[in-house]
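Reading through the structure tokens given below for one structure.
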Amino acid sequence: MTSRRTTLSALFGALALLAAPAALAREARPPEPSREARPEATNEAMIGEAMNANTVSVITGTPGGTYFRIGADLAFVLNDGDRIRVLPILGKGAGENAYDLRFLKGVDLGFVRTDTLDQLRQDKRLRDVEQRIHYIAKLFNDELHVIAPKGIDDVRQLAGKRVTFDVKGSGTDYSGRAMFRGLGLEVEAVNVDQPTALEMLRKGEVDAVVSVAAKPVSVVAGFDPGDRFHLVAIPYLETVSEAYVPATLTGADYPKLVDGGKPVETLAVGTILGVYNHPKGSERYRKLERFVGAFFGQFDKFLAPQRHPKWREVNLAASVTGWTRFKPAQDWLDAHREEPTPRAEIDRFLSEQPQDLAADKEQVYQAYLAWRRAQQASYGMARR
């Protein structure tokens, strides 16, 4: 029993971290509007008005990619009749998403990155980008993947060689090149889609393929390297922008591409749920207020096993240096801010678990959520 408790207690730090977004999201969903507030649509004009009044769009990424899957999760979890509808739109990735979010009239939300504002500032045609694009929450990290022949053990060996950076305007095109510049690495950049790039690598037409995306990336994981290719180590240097952080890729992420049990060092960039800062009081602003309430208030649903595992990295309260949080999002966080989950409460939870509970972080976390909901329900009944 003591050994088991010690093992489970060792999960406390991860458990408390994972519990942070759920604790913020424990409030019930926003109150159902009265029928007077949303009269039944009785003609075509009213149907159209109602649909547009309750729909927000989010620009995602290419089919099968992480952004596309995260956008689908938003739609599946939050779509709620005539209250709110999330409409995912295919995009090229974070680089192009920044322009879509800024200029396309039908786009309310978009997956962008912590380096997006730097990207837009470099475009001398644009003004006041910090005021136009805000963020609702920092989501997860996108890792830098470099696939190359096994003779290349350090990314700096690619200097002067042909390297692909996905399609022009993609997140890999901007963030990947920026990371290489931070490493002082000049290469012959090629823009082609990832399946084509991997085939070119296999034929020896390019020397490496770059992907900046949330691991595990399906197109990378599905690549058969044989005994020729692997993921290349990337060092974290002082010359790298503060927007990028150290990360690792492991054999669990990519069994075919990581040699042995040693993780591959790399870089990562944060993904942000960006939002166009519509004027306060406008119809679009009010729709986004409702979205914020639904997203934050039901966040625990994104932690379900069928949702993308990257949701488990999200801390809704995390701030992003250099960015302004969308006011309705900041207001929601301020109104729901709580003290961190106390150690005593988690110890109490562990003491009540059956002895055969496996020391698995996901299992413990899901059990903890169920236990806490039961405690809250009991507390609510006692107060009635």
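The values are calculated or read from the model by the stated rules, or taken from the named source; none is laboratory data. Keep in mind that what you see is a predicted model, and the values were worked out from it rather than measured. Glycine also receives a Cβ, built like all others from the backbone with ideal geometry; neighbour counts cover every protein chain displayed. What goes into the accessible areas is simple: the full protein's heavy atoms, side chains included, and nothing from ligands, DNA or RNA. Shrake-Rupley method; radii C 1.70, N 1.55, O 1.52, S 1.80 Å.
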Discussion item. I'm trying to understand the selection: among the residues of the stretch 75-134, which are among the aliphatic types (A, V, I, L, M), closer than 29 Å to LYS301 by Cα, touching a residue at least 40 places away in the same chain (Cβ under 8 Å) and assigned to a helix (DSSP H, G or I)?
Written reply: VAL77, LEU78, ALA94, ALA98, LEU101
Fill in: Residue among ALA94, ALA137 that alone is over 30 Å from LYS256 (Cβ atoms), among the hydrophobic types (A, V, I, L, M, F, W, C) and open to solvent by less than 10 Å² (accessible area, probe 1.4 Å)
ALA137
Response to the item:
For the stretch 164-175, the count of residues that are under 14 Å from ILE147 (Cβ atoms) and either of a type outside the set (Phe, Trp, Tyr) or surrounded by fewer than 16 Cβ atoms within 10 Å (Cβ to Cβ) (or both) equals 3
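One line per residue, one yes/no per condition, for (1) modelled with pLDDT of 95 or more; (2) closer than 23 Å to LEU139 by Cα; (3) within 18 Å of the chain's Cα centre (by Cα):
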| position | (1), (2), (3) |
| --- | --- |
| LYS203 | yes, no, no |
| VAL217 | no, yes, yes |
| TYR236 | no, yes, no |
| THR239 | no, no, no |
| GLU242 | no, yes, no |
| PRO246 | no, yes, yes |
| ASP259 | no, no, no |
| GLU283 | no, no, no |
| GLY297 | no, yes, yes |
Discussion item. For the stretch 202-305, give me every one of the strands (runs of 3 or more DSSP E) that falls completely inside it and has 2 or more residues that are touching a Lys or Arg at 6+ places or on another chain (Cβ under 6 Å) and closer than 30 Å to ASP128 by Cα.
Written reply: 264-276
Item to complete: Please find, within the stretch 176-194, the residue that is farthest from ASP142 (Cα to Cα) out of those that are of a type in the set (Gly, Ala, Ser) and open to solvent by less than 30 Å² (accessible area, probe 1.4 Å).
Response: GLY182
Worksheet item: What number of residues in the stretch 202-240 are in contact (Cβ under 8 Å) with a residue 24 or more places away in the chain, among the acidic types (Asp, Glu) and closer than 23 Å to TYR174 by Cα?
Response: 2
Worksheet entry | Matching residues in the stretch 135-171 - criterion: being outside any strand (DSSP E or B) and closer than 30 Å to TYR276 by Cα | PHE165, ASP166, VAL167, LYS168, GLY169, SER170, GLY171
Worksheet entry | Pick from the stretch 104-125, criterion open to solvent by less than 60 Å² (accessible area, probe 1.4 Å) and more than 25 Å from GLU283 (Cα to Cα), ranking: farthest from the chain's Cα centre (by Cα) | ASP123
